[in-house]
Amino acid sequence: MKENPDMDTNASNERIDELLNSYIDDELTVERQAEVERLIDQDTKIAQRLRQLQKCQILVASMPYAEAPASVLEGVRAVMVGGSVSSQKQPAYEEQAGRKYVLLRKVLAAAAMITLAAVLSVVIHRIVPPRNTPEGSVAVENRTAESIKPARMLATSGFSGRLELKTSALNAVDAFIKSAIDDNNDLSASINPERRQSRRIYSVSCTREGLNSLLDDLDNIWTELDSATLFVNTETFGTQTVVGAVTTKQIAEIAGQESSERRIELAKDFAVLNNLAENLPDKEIQVAIEAGDSSLTQQWRIFKPVLTSNQKAVKKPAEPAQEKQTVRLTIILDW
Amino acid sequence: MTEAANPDIRSRQVSNMRVINNDAMLIEQYRKGDSAAMERLVLKYQNRIYNVILKICADPDDAAELTQETFVKVIENLNKFEGRSGFYTWTFRIAVNLTLNYCQRNSRLAFRSLDAEQQQDDSQVKHVLKDFLSDDSAPDPATEVQNKELYKITARTLMGLDEAHRAVIVLRDIEGMSYARIAEVLDIELGTVRSRLSRARSKMRDILEAILR
């Protein structure tokens with residue numbers, strides 16, 4: 001079978017290129033280097049090719065040197081101080097104790113953790129008994145401390161929660177949220193966007209006004225979302241109330257409540273409403289809710305905040321201004 | 001010239017050995033509980049790691065995040081580090097692997113931004129680039145291109161390469177690694193480094209010519 005002459009030429013050119021590049025990078029033996037120099041002297045095309053490759057190399061090597069931002073070291077420090085990285089003395093200990101002992105210790109530790117988790121879940125179950133609610137978007141979740149990392153327990157009475165948004169247009173929505181956060185002058189507190197591969201995490205700490213303003217902006221892209229779920233932190237550690245198919249208005253209303261109890265009650269009511277609305281074929285309830293039709297809630301006997309909150313009639317004393325305004329919301333954007 | 005015969009390379013090797021010994025000492029100190037030793041290692045390598053990652057992924061935020069993630073992984077896996085390769089090589093291997101995985105997941109984004117920006121080429125910059133490339137005199141390797149716009153075009157040209165080619169060219173031309181070290185970091189054969197680098201530079205040349213057309 002005849003060989004293709006073009007393929008031979010290409011292969012030969014590739015070999016010459018490899019030699020020339022190794023020559024540029026000073027990666028040839030003395031003999032090879034002399035060989036390449038002879039080639040360059042004899043063949044002007046090869047000499048020209050060498051110059052082209054050298055220029056490519058110079059262009060890349062001339063690119064400005066960028067220095068790592070201070071956040072890198074701070075982040076690493078935080079990890080070391082936070083103790084999420086295993087103890088530094090562990091390897092020495094492992095060496096002394098032997099692999100079998102370490103394995104046994106790990107198994108025992110795992111068993112102890114499972115037992116502890118079981119005991120904790122029983123305790124939490126007793127403290128927060130599950131209510132008879134429809135399946136789906138309403139639930140009180142019991143989670144381990146690790147799995148609720150973004151939603152921190154707050155000492156203050158301000159709103160604290162997590163908003164999980166799913167979208168197939170991740171980049172577009174991400175860009176919108178970032179610009180909404182950047183452009184929003186009402187957000188007086190710190191906003192730290194974190195980026196991890198297919199998900200984006202924004203830790204928003206702001207006033208209620210700031211949150212409302214942000215939610216107004218986010219409302220414009222709400223239709224781009226595949227789902228929106230709000231996790232409202234309760235005062236019991238690791239327990240959250242989940243509102244599926246949540247709207248920006250509902251988030252604002254929940255966050256706007258004065259006390260944690262009211263927020264939880266309202267979140268549960270919205271969860272029930274949203275769940276019903278989702279299960280109806282024509283989504284009549286959703287439309288009615290948005291239209292503010294009060295007769296509907298009576299017709300369906302749906303928990304409205306005014307009916308379920310036993311503190312509504314009692315006027316609460318004014319809370320300190322700082323507490324009123326504290327809002328901590330972790331927005332997780334995922335696909 | 002072999003690495004051993006070249007005095008420059010030999011002195012570099014000696015200084016590398018000092019660095020390796022120094023790194024080993026810091027790792028030992030950290031293992032004994034001195035967290036300041038790890039901070040010194042981070043301070044020592046963070047700029048180089050960040051710079052390489054940034055040149056591969058082209059996004060400062062992501063590069064910072066990936067740099068931090070690299071050191072977190074280093075700390076988490078330090079008990080597995082046996083010292084067969086140097087700490088520097090091992091850390092770069094983690095950094096490059098993380099970055100390449102990131103790039104593969106976000107490749108569509110990179111190409112989209114490249115296409116969009118390609119429309120904005122300034123004719124003056126093209127002129128400068130054309131002059132630089134078509135100048136027939138032998139370039140001085142010590143020459144530094146001092147044109148900001150050219151940096152942008154070079155960065156975009158790099159983004160036009162696939163991740164594997166981009167990584168090899170960045171490790172060689174920006175980090176200045178030897179072929180043997182690149183092979184160790186990328187866990188590939190020396191011959192593969194040679195051919196990959198050669199193809200990467202040829203492709204770069206093609207992209208630059210396409211920009212000029």
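Just so it is clear, none of the values below were taken in a lab; they were calculated from the coordinates. Please read these numbers as outputs of a predicted model, since none were measured by experiment. Quick reminder, even Gly has a Cβ in these numbers, built from the backbone with ideal geometry, and neighbours come from all protein chains shown.
From most to least packed by mean Cβ count within 10 Å, the peptides B:77-84, A:27-34 give A:27-34, B:77-84. A Förster distance of 45 Å, applied to the separation of the beta-carbon atoms of B:Leu43 and B:Ala180, puts the FRET efficiency at 0.95.
Listed cross-link partners A:Lys178/B:Lys203; B:Lys55/B:Lys126; A:Lys55/B:Lys148; A:Lys166/A:Lys249 are compared with a 28 Å cut-off, the Cα-Cα value being larger for A:Lys178/B:Lys203. At an R0 of 30 angstrom, the distance between the Cβ atoms of A:Asn10 and A:Glu67 translates into a FRET efficiency of 0.10.
Given a Förster distance of 45 Å, report the FRET efficiency between A:Ser227 and A:Gln48 from their Cβ-Cβ distance, rounded to the nearest 0.05. For R0 = 45 Å, the calculated efficiency reads 0.15.
Taking the Cα centre of region A:9-61 as origin and assigning +1 to Lys and Arg Cβ atoms and -1 to Asp and Glu Cβ atoms, the resulting dipole is close to 280 debye. Over all pairs of different C-alpha atoms in region A:9-61, the reciprocal of the mean inverse distance, the Kirkwood hydrodynamic radius, equals 11.3 Å.
Distance between the 7 Å Cα→Cβ label points at A:Ala117 and B:Asn101: 2.2 nm. Available extension along the chain between A:Asp334 and A:Arg32 is 103.3 nm, counting 0.36 nm per residue and deducting the alpha carbon span.
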